[in-house]
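What follows is a short report on a single structure.
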Amino acid sequence: MQPLLQLKKITKTFHQGEQCVEVLKNINLSVNPGEQIAILGQSGSGKSTLLSIMAGLDHPDLGTIEVNQENLATISQNELSRFRSKHIGIVFQQYHLMRHLTALENVSIPLELQRTVEPSKKAKEALNAVGLSNRLDHFPSQLSGGECQRVAIARAMISEPSIILADEPSGNLDQKTGEEIMGLIFSLCRDRGQTLILVTHNHDLAKKCDRTVILSDGILVEKSAQEA
Amino acid sequence: MNFAFRNAWREIRNSRSFCIFYIINLALGLVGFLTVDSFKTSLEYKVEEESKNLLGADFAIRARRQLTTEETQTVQSLIPAQTKEIKVIDFYSMVAGPAGRSRLVKVVAMDPGFPFYGQFDLKQKENDRQTSNELLHQGKVVWIYPELRTQLDVDIGEMLSIGETQFKVTDLVMNDAGLQFQPAELAPKVFISRKNLADTKLLLKGNTAFYISLFKLPDSSVQDELMEKLDKAISVSDVRVYSHQKAGHRAGRLLNYLSDFLSLVSMVALFLATIGSGYLFHGFIVQKTGDIAVLLSLGASKKIAIYTYVIQLMILGIVASYQLFWRFSCYSPFYPEHCKD
């Protein structure tokens, strides 16, 4: 099977004055379509950096990233933006909703960027799918944390991307709400056949994924879910 | 770009309180500068507008002596046909009231028809001004500044001694027009007809007086060119040619100092407004940095993500400027009438 996402020899170094911190060291990873992968690691281990590189938001110093057989390093910024809007959905820990836009407007944004017809109609359907059909015109400040994350999930999935990158999506929520949110993400991804790459430090969540990789000292070590 | 406009509009619509606060801040920053600057402009415009009234003519030639025949011929050869001319002589002299009190005054001896522009504001308002002006030239009568009533203990209808002649005070000059060559006078003025000046025997050999010829051009468009020609033709130190603009500027010299000061103040106001606006823009952009990053993560290009907020800033700036200029032009007491037009 042709991998959906392939990282080859990814290296990333941050410079702090004269000090160099090598966050990612020669990372290799292949993810198949529909697969659910957990990236485990301690805080500051480089999980979020790796996720940013996968999303094309950050560039590695060395190595290549291929998504859908498209090398992200060789395409222009505008092409990368278009590619990201179609193929990659991101769910952040802090939700990152536009606070001056309603839930419906927030969810519509990816479709509007793709110039899809009737974005509002599809956004309503997406919000309905995450159980927020009664919160369409609410602003983020009028929603609970769990509801904000549901809006963020709807926004990430509305353009039906092949990959969902989730950066500790339950990290800001209480246990019960977090479990509900993660259950929602898992089920939506499974139902739609989307690939999920979940960054977390929660081992229980990682066990629910097909595969777990551990990022430690900049090195990615692959383990089975049971071992993790 | 459509997305950028739509998103900018949505953000404005959904954050009204912030937008109103932003617009008010921006408008207030500019209003200080505009108020000071428009006051200065208004001042300059008024001086310019009133300059003909200040001189009382389109241009004047002022000398410490009578013009020589050659000089007079030169002037006559240069000015256009149908140019009207009035002569005025002024000088300082002591005058005495009926009770014997005396003091220094400026005697202005003028021809009928003076001034070409502006008019005398006389105390005896019930009198027709035209008639009053003619009466000054029909007999030995004098108009005086109001302060001379108490200084010389003289009243309307009483006699005033100017040189060797008695003049009857027929009116008080509340406001006079013309001959404003300098911002201040050394003494109050008295006005008599020039034809009676010789009787006073005040202008004898050695006496100092200013001999002024005032001109009204049939077509004022030729004035600038004429001024240049006259300046070249009469280039002696004791004869000066004044255009009404020049006289206005001289009379408004003190105002010019004020104007210069106001220019400085308005520059400082502009500087502060710029810094304020800069902080406002900076604060706005910093606040929106997170939103720009989110838009990028959702697939917006950098151009669209940044344009969204640049357009928002532009819309707010245009609204603030429009509000400012509209309200300012309606309500500012300093906004010049010609600018409103």
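Among the GluC sites (Glu not before Pro) in region A:1-88, those located in a DSSP loop and surrounded by at most 16 other Cβ atoms within 10 Å of their own Cβ are A:Glu18.
Counting only DSSP beta bridges with both residues in the protein assembly as shown, the antiparallel share comes to about 70 percent. For the pair A:Gln77 and B:Gln323, a Förster radius of 51 Å applied to the C-beta separation gives a FRET efficiency near 0.85, rounded to the nearest 0.05.
Take the convex hull of the alpha carbons in region A:101-228; its mean projected area over all directions comes to 8.7 nm². Amide H contacts for B:Leu122 (H built 1.01 Å from N in the peptide plane; partners 5 or more residues away or on another chain; cut-off under 5 Å): B:Met174.
Loop-resident trypsin sites (Lys or Arg not before Pro) (DSSP state other than H, G, I, E or B) in region A:1-55 with no more than 12 further Cβ atoms inside 10 Å of their Cβ are absent.
The Cα atoms of chain B cover 100, 47, 33 Å along the three principal axes, with the biggest extent listed first. Neighbours of A:Ile158 by Cβ distance under 13 Å: Lys/Arg scored +1, Asp/Glu scored -1, total +2.
Among A:Asp191, A:Asp167, A:Asp210, the largest mean-square fluctuation in a Gaussian network model of chain A (Cα springs under 10 Å) belongs to A:Asp191.
For the protein assembly as shown, the C-alpha radius of gyration sits at 1.77 times the compact-globule guess of 2.2 N^0.38 Å, with N the residue count. For a label point 7 angstrom out from the Cα of B:Glu228 toward its Cβ, which stretches of region B:67-104 have the backbone nitrogen within less than 17 Å? Only B:78-80 fall inside the zone, counting backbone N under 17 Å. Peptide B:301-312 has a mean shielding of 2, counted as Cβ atoms of other protein chains within 10 Å of each residue's Cβ. Taking a quarter of the surface of the Cα convex hull of chain A gives a mean projected area of 12.9 nm². Considering only DSSP beta bridges whose two residues both sit in chain A, what percent are antiparallel, to the nearest 5? Around 55 percent of the beta bridges assigned by DSSP in chain A are antiparallel ones. Calculated FRET efficiency, B:Lys205 to B:Phe21, Cβ-Cβ distance, R0 = 60 Å: about 0.20 to the nearest 0.05. Size descriptors for region B:29-121, from the alpha-carbon set: Rg then Dmax equal 20.1, 62 Å.
Volume of the convex hull of region A:141-190 (Cα atoms only), normalised per residue: 71 Å³. Working note: Cα gyration tensor of region B:1-82, eigenvalues times five, square-rooted, sorted largest first, giving semi-axes of 62, 17, 8 Å.
Per-residue 3J(HN,Hα) values for region A:160-169, derived from phi via the Karplus relation 6.51 cos²θ - 1.76 cosθ + 1.60 with θ = phi - 60°, read 6, x, 7, 10, 10, 9, 10, 9, 6, x Hz in sequence order (x marks Gly and Pro). Paramagnetic label reach from A:His59 (point 7 Å along Cα→Cβ; backbone nitrogen cut-off under 17 Å): within region A:80-114, residues A:80-84.
What the Cβ-Cβ distance of B:Thr274 and B:Lys303 gives, at R0 = 22 Å and to the nearest 0.05, is a FRET efficiency of 0.25.
Taken residue by residue and averaged, Cβ atoms of other chains lying within 10 Å of the Cβ of A:107-115 number 4. Per residue, the Cα convex hull of region B:137-251 amounts to 150 Å³. Relative to one another, the C-alpha centroids of region A:130-192 and region B:49-70 are positioned 87 Å apart.
Dividing the mean sequence gap of close Cα pairs (under 8 Å, 6+ apart) by how many residues chain B holds gives a relative contact order of 33 percent.
Read the figures in this text as sums done on the coordinates, not as results from a lab. Quantities reported herein were computed from a predicted structural model and do not represent experimental measurements. Cβ: placed from backbone, ideal geometry, glycine included. Neighbour counts: every protein chain shown.
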